[in-house]
Amino acid sequence: MARTVRNTASATGAQEGTALRRALTTPLLYFFILGDVLGAGVYVLVGQIAADAGGAVWVPLVVALLLAMLTAASYAELATKYPRAGGASHYATRAFGPFAGFVAGFCMLAAGVVSVAALARGFGGDYLSAFVTLPVWLVAVLFLALLALVNARGIKESTRANVVATVVEVGGLAVIVVLGAWLLLRGDGDAGRLTQLGTSEKGAAAAVLSGAVLAYYSFVGFETSVNVAEETRDPRRSYPRALFGALATAGAVYVLVGMAASAAVPTARLAGSSGPLLEVVEEAGGVPPRLFSAIALVAVANGALLTGIMSSRLAYGMAKDGLLPAALTKVLPGRRTPWAAIAATSLPAMLLALTGGVATLASTLVLLLLVVFLMVNTAVLVLRRDPGEADHFRTPTALPVLGIASCAVLATQIEAQVWLRGLTIVAVGTVCAALTVARRTGRADHR
């Protein structure tokens, strides 16, 4: 898929100039990325994808994987060329200046907040209904408040919980694949649904593209892994292998889960459920629905917790760099957790959870990330004139070009109401960027 630029510098030399310890090996990095990608999205969105694409749920999942791989190739080059924390904001700043860097960072921050809101809505859906029936909006608000408290308690407790939760959620997906196969073997499923592409309102091509927008949500997460490239022993070799391997693994799991769900459950029933994988469990029997609902709730909560941690720390970091108000750098005296940044990211998530459904929020997240990915794919081409780190990974020029095109194509499939919500967020980020750059310029002029 890509080739490597080989220079005379050694790998040891590439490790110099970093303040962080290079401790991550290729396997550790692979599991880090896999855990970030293989999250809760598929637990919630399979039904929404079926509503857009029909019974062939696996097709938009494959398309979304291929499109994600294009942008992942750009991240692989930039992460090995500039193996330091900062991610898309750092790359955009190097390529286009601090204004673009701020916009990229703000969009990443907003995407994290929107993602947490979507997962909060998913938590309050059919999976929770297996235990208790409550208004989704109420559950979402209470869930986000509890999440903020766990986040504020400490990173050690949060990451320990993540290890257990990741094992649980992967086990839940494996159960769905096995149950789907069992239903087909005993003659109760319908494999014919796997070839039914399109709906009464959309043709095959439109169905695939609109379904791919939602499916894309299931693959996001890989972009945050660039922040640990600085702590990887040999990022030139390890990062591309771990990144593409983790995405391919997640893609294979998602496709199998999508096929199992579609073959096991009628498309209309799948599309109408906010807990689509629970429908597979109920159709197959043998596994207590409450047990699987508990697994799904753990997966959704874990995804929301990880994203909430990322969002609050990003806000805290941007505040420390002077890009956001300094008040967001306040921490709890004992816990040393950024309580102000946690509050500042949790409150907008609550508001979004009250004003949008899961599909709308997921599409908003994708739109924000498309803005970021467009910058990253373009930055790869602009920064080709900069040698960067010696012996870094280099992706073929065609891939970032195709990545730019994929962002444009996916953007055309996003609905008007989502555009309105997304552009409002981008506009706020643009104004903040202009004010920040003007303030910094003014300070520099006074020196």
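Quick notes on this one:
- What you get for the chain, charging only the Cβ of Lys and Arg (+1) and of Asp and Glu (-1), is a dipole of about 1480 debye around the Cα centre.
- Packing, taken as the mean count of other beta carbons within 10 Å per residue, orders the peptides 101-109, 433-441 from highest to lowest as 101-109, 433-441.
- For the stretch 163-290, the alpha-carbon coordinates run over 50, 37, 24 Å along the three principal axes, in decreasing order.
- The angle between the Cα long axis of helix 26-37 and the longest principal axis of the Cα atoms of the chain comes to about 60 degrees, rounded to the nearest 10.
- 0 to 90° range, to nearest 10: angle between helix 398-412 axis and the chain longest Cα axis: 60
- Shape metrics for the stretch 234-360, restricted to C-alpha atoms - Rg then Dmax, Å: 20.0, 56
- The solvent-accessible area of residue 244, taken with every protein chain present and a 1.4 Å probe, is close to 40 Å².
- Over all distinct Cα-Cα pairs of the stretch 388-447, the Kirkwood formula returns a hydrodynamic radius of 15.4 Å.
- Phi to ³J(HN,Hα) by Karplus 6.51 cos²θ - 1.76 cosθ + 1.60 over the stretch 112-117, Hz, x for Gly, Pro: x, 5, 5, 4, 4, 4
- Applying the Karplus relation 6.51 cos²θ - 1.76 cosθ + 1.60 with θ = phi - 60° to the stretch 363-379 yields 3J(HN,Hα) values of 5, 5, 4, 4, 4, 5, 5, 4, 4, 5, 5, 4, 5, 5, 5, 6, 4 Hz, where x marks Gly and Pro.
- Counting only alpha carbon atoms, the long axis of helix 87-96 and the longest principal axis of the chain meet at about 50°.
- When all protein chains stay in place and ligands, DNA and RNA are ignored, the 1.4 Å accessible-area order of 142, 173, largest first, is 142, 173.
- Debye intensity ratio in log₁₀ form over the Cα atoms of the chain, taken at each q of 0.05 Å⁻¹: -0.17
The values are calculated or read from the model by the stated rules, or taken from the named source; none is laboratory data. Just so it is clear, the model here is predicted, and its values are computed rather than measured. Glycine gets a Cβ as well: all are built from the backbone with ideal geometry, and neighbour counts include every protein chain shown. For the accessible areas, the whole protein counts, side chains as well, though only heavy atoms, and no ligand, DNA or RNA atoms are used. Shrake-Rupley method; radii C 1.70, N 1.55, O 1.52, S 1.80 Å.
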